[in-house]
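Written below as structure tokens is the structure these notes are about.
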Amino acid sequence: MPVGAGFSATSANAAAGAVSKYSGVIALVATSVILMFALPSLSLLPRPVLAVAIINALWHALSPAPLLSVWRMNRDRMLVIAAVLAVLLLGVLDGMLTSMGLSVLAAMQMLWMPPTFGRGSRLAHRD
């Protein structure tokens, strides 16, 4: 991730085509300069205008392609469903925390159940 200030900052930086590891420093300098000189003007902007700027920066993140790629891999389907439902039912913060907890539990389960080999057979599945 080129910028670590938050999802919207990272999305805006990636949408601008940032590929260098120095893009975070450039974004920091640009943001600092903008805040120093434009902060009084930003306070005069209506909130819907600011909302449009944020939605524009995050628009590409609303694509279902990442979820579909995980679904096609036939892995973690229940985690994908649980994460989507948790966010829809509990809200963004609580849903993400619930999803992270479920992901950690699933990883711990996989670590506690290592692959087993039978005599003369191939790798047994954990299903």
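So here's what we get for this one:
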{"quantity": "Condition broken by Arg75, with the remaining ones in (1) out of contact with any Gly (no Cβ under 6 Å at 6 or more places or on another chain); (2) at pLDDT 85 or above satisfied", "calculated": "(2)"}
{"quantity": "Test for Ile54: is it out of contact with any Pro (no Cβ under 6 Å at 6 or more places or on another chain), surrounded by 10 or more Cβ atoms within 10 Å (Cβ to Cβ), of a type in the set (Val, Ile, Thr) and touching a residue at least 24 places away in the same chain (Cβ under 8 Å)", "calculated": "yes"}
{"quantity": "Pairs with Cβ under 9 Å, 6+ apart, first in segment 69-96 and within 21 Å of Gln109 (Cα to Cα), second among the charged types (D, E, K, R) and at pLDDT 85 or above", "calculated": "Ala86/Asp94"}
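The values are calculated or read from the model by the stated rules, or taken from the named source; none is laboratory data. Just so it is clear, the model here is predicted, and its values are computed rather than measured. Please note: Cβ atoms are built from the backbone with ideal geometry, for glycine as well, and neighbour counts cover all protein chains shown.
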